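Everything on this sheet refers to the single structure shown next.
The values are calculated or read from the model by the stated rules, or taken from the named source; none is laboratory data. A quick note: this is a predicted structure, and the numbers were derived from the prediction, not measured. Every residue, glycine among them, receives a Cβ derived from its backbone with ideal geometry; neighbour counts consider all protein chains shown. Surface areas here come from the heavy atoms of the whole protein model, side chains and all, with no ligands, DNA or RNA. Shrake-Rupley method; radii C 1.70, N 1.55, O 1.52, S 1.80 Å.
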Amino acid sequence: MKFYLKLWIVIMITTTMLPDFLHAQAVPHLQKNGNAQQLIVDGKPYLILGGELHNSSSSNVEYLQPAWNQLKEMNLNTVLTALSWQLIEPEEGNFDFSLVDALLEDAREHDFKLIFLWFGSWKNGLSHYTPSWVKEDQDRFARVRLNSGKATETLSPLSMEARKADAKAFAALMAHLKKVDSKERTVIMMQAQNEVGVIGAARDHSQIANAAFNKQVPTDLIKGLKELKNELQPEMIEYWSKTKYKETGTWPEIFGENHYADEAFMAWNYARYINEVVAAGKAEYNIPMFVNAWIVQPEDTKPGDYPAGGPQSRVHDIWRVGAPDIDLQCPDIYLDNFPEIVNMYHHSWNPLFIPESFSGFEGAANTFYAIGKHAALGYSPFGIDDPVENPSESPLAKAYNVLDQLTPVITEAQAKGTISAFWLTTANNPQTVELGGYTIEASLPKNWRTGETTAEKGYGLVIWKGGDEFILAGSDLNVVFLPKSEGKKMAGFDTIYEGEYIDGKWKPGRLLNGDNIMINYNLSEQAAINRTGTAAKLETEPSVLQVKLYRFE
Ligand code: DGJ
């Protein structure tokens, strides 16, 4: 073949395929960047500064109109909202995506990204969001039955008919989103179902479920668990080790005659079902997809008190094996021990995202902590459309403003592993992290006359820029730097600037000294423990500080 002909063929192939390749690159996706798995939106690492609407708000776009401006004033960049199977497929096979299109239009007009919550077969365990043709046909779409044999309003995850129908509807939705959104990319992730699991019994007692429970545990599950080896969750090890890691037998034979066997059985069946739904959706339009857990509450004594079979950390391994197409297993956190819970959900194979939790000061603290300590993709308080007076003055809005400014700096530090965070209450005050050759201690601020603590809670993140330079951001913390590395033992502040990032560029404000850095004038006592009596002070109003240290002895 002549050289020019070959060249012409190469040019033709590249020019026809390149746009598709670039386009696929631009679709929201997860990417491993150094130490972190990050969500890439419009080609850049993205932090979800989110908020989830009440369950029924997005079923009517007029109802939702007044909320959009409030969400903007609260500095959200992403709105999580429900899409119900009931509204999308009112008659079997007839899809109506007008609501989806209207929501996309409103989100774009207000410059928001969206995460749709697919309320398909299940929402908080139950099946209220299914179309009438599903609700009414209980022969075709089997329901979960309780120990008593009584039926519930929950579709059985063992119903193959339901699984197929849900997967078909979800695939149609994703195909539609590909058509109307793959260029603008307003939708950045999908939540598959909501807080699934059996409520009222530890497992499904329908006929199909009883039959499956007494059959052999699928070999695919055992093979997958064996491959996870030393990554298994403590509860899995606890129960499976008691049967000496038996590989063949029924659920109780492998996991013991206890409720863990019930929960494991349900987890496998929900995972398989939802994986099929997710895979069908991804085959049409492949963006990240996650499930969320109604986590075990302190008063719960057994599965069924909380939804049995949902993606609890205790059955993560089963979900991991059963649902390889699901990208994240996320916790909904309405408890006060946030750091403990996120620690149970963040793994090398499971990046952290919190789709539901608290708003307010607590929400601000949780967001900073999840993003700074666990390289989270983001955070989203529930019921964000509840009317708020002065939304832009809310603690969450102010925290989101700081995180928005810092996003490129934070995501770079997440990848490099040069970021950490503090989440302080009077119960765990002070707190330390090790970073950049320093032990960094954060404590709640004190009244300098009386020594009394002046805030109940504080939060912040710290980024090591290299050498003796750090960025601090947050609220209500005094931060002290104690050298760990060889050399001069004391670290003083050379400079502390407050300021802000505008379009990614640092604009310094005041240079802080004097009362703005002193915390203790008892210098002999301080010097004896290699401290200087100074601290970088994050006041109540969330702020950013650039800190430069120098060493002396
Ligand atoms: C958790 C659910 O996932 C939400 O949809 C909502 O029902 C809240 N609970 C209510 O607090």
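Quick look at the numbers
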read-out	value
Surrounding net charge for HIS347, when Lys and Arg each add one and Asp and Glu each subtract one, Cβ distance under 11 Å	-1
Within straight-line cross-link reach of LYS223, aspartates and glutamates at Cα separation under 15 Å, skipping those fewer than 8 residues along the same chain	GLU231, GLU247, ASP317
Qualifying lysines (Cα of each under 19 Å from Cα of LYS183; at least 8 residues distant if same chain)	LYS44, LYS113, LYS282
Nearest-0.05 FRET efficiency for LYS488 and GLU91, computed from C-beta distance (R0 56 Å)	0.15
Efficiency of FRET between LYS72 and TRP133 - r from beta-carbon atoms, R0 30 angstrom, step 0.05	0.20
Potential lengthening between LYS416 and ARG551 on full extension [0.36 nm per residue; Cα-Cα distance subtracted]	46.1 nm
Relative contact order (%) - the stretch 192-271, alpha-carbon pairs under 8 angstrom, separation at least six	37 percent
The chain, accessible surface, carbon-and-sulfur percent (1.4 angstrom probe)	51 percent
Restricting the stretch 363-460 to trypsin sites (Lys or Arg not before Pro) in coil, as DSSP defines it, with at most 12 other Cβ within 10 Å	ARG449
Estimated inter-spin distance, LYS302 and TRP448, nm [label 7 Å along Cα→Cβ]	6.1 nm
Net +/- balance of residues flanking THR534 in space, Cβ distance below 12 Å, scoring K and R +1, D and E -1	0
The stretch 420-552 - convex hull of the alpha-carbon atoms, volume per residue in Å³	108 Å³
Value of [θ]222 nm, deg cm²/dmol, for the chain, DSSP H segments ≥ 4, -39500 (n - 2.57) each, nearest 500	-11000 deg cm²/dmol
Order by protection proxy (mean Cβ within 10 Å, highest first), peptides 145-151, 81-87	81-87, 145-151
Length-normalised contact order for the chain - Cα pairs under 8 Å, 6+ apart - percent	13 percent
Loop-located GluC sites (Glu not before Pro) in the stretch 359-403, at most 10 other Cβ atoms within 10 Å (DSSP)	GLU389
Charge-dipole axis of the chain as Lys and Arg at +1 and Asp and Glu at -1 on Cβ define it, positive-most pick from ALA528, ALA192, PHE97	ALA528
Estimated translational D of the stretch 338-432 in µm²/s (Stokes, Kirkwood radius over Cα pairs; 25 °C; 0.890 mPa s)	174 µm²/s
Net length gained if the chain between ASP336 and ASN214 were fully extended (0.36 nm per residue, minus Cα distance)	40.0 nm
Antiparallel bridges, percent of DSSP beta bridges restricted to the chain (to nearest 5)	70 percent
For the chain, diffusion coefficient by Stokes-Einstein and Kirkwood Rh (Cα), 25 °C, 0.890 mPa s, µm²/s	96 µm²/s
With Cα atoms, 0 to 90° folded angle of helix 61-73 axis to the chain main axis	20 degrees
Cα shape, the stretch 314-389, gyration tensor, a/c 1.5 rule	prolate
Spin-label proximity, TRP506 to the stretch 469-484 - amide N less than 16 Å from point 7 Å beyond Cα toward beta carbon	469-474
Heavy-atom accessible area per residue - the chain, 1.4 Å, Å²	44 Å²
Net length gained if the chain between HIS110 and TYR63 were fully extended (0.36 nm per residue, minus Cα distance)	15.3 nm
At most 12 other Cβ within 10 Å, DSSP loop - GluC sites (Glu not before Pro), the stretch 257-316	GLU257, GLU299
Overall form of the stretch 284-350 per C-alpha gyration tensor (a/c, 1.5; a/b vs b/c)	prolate
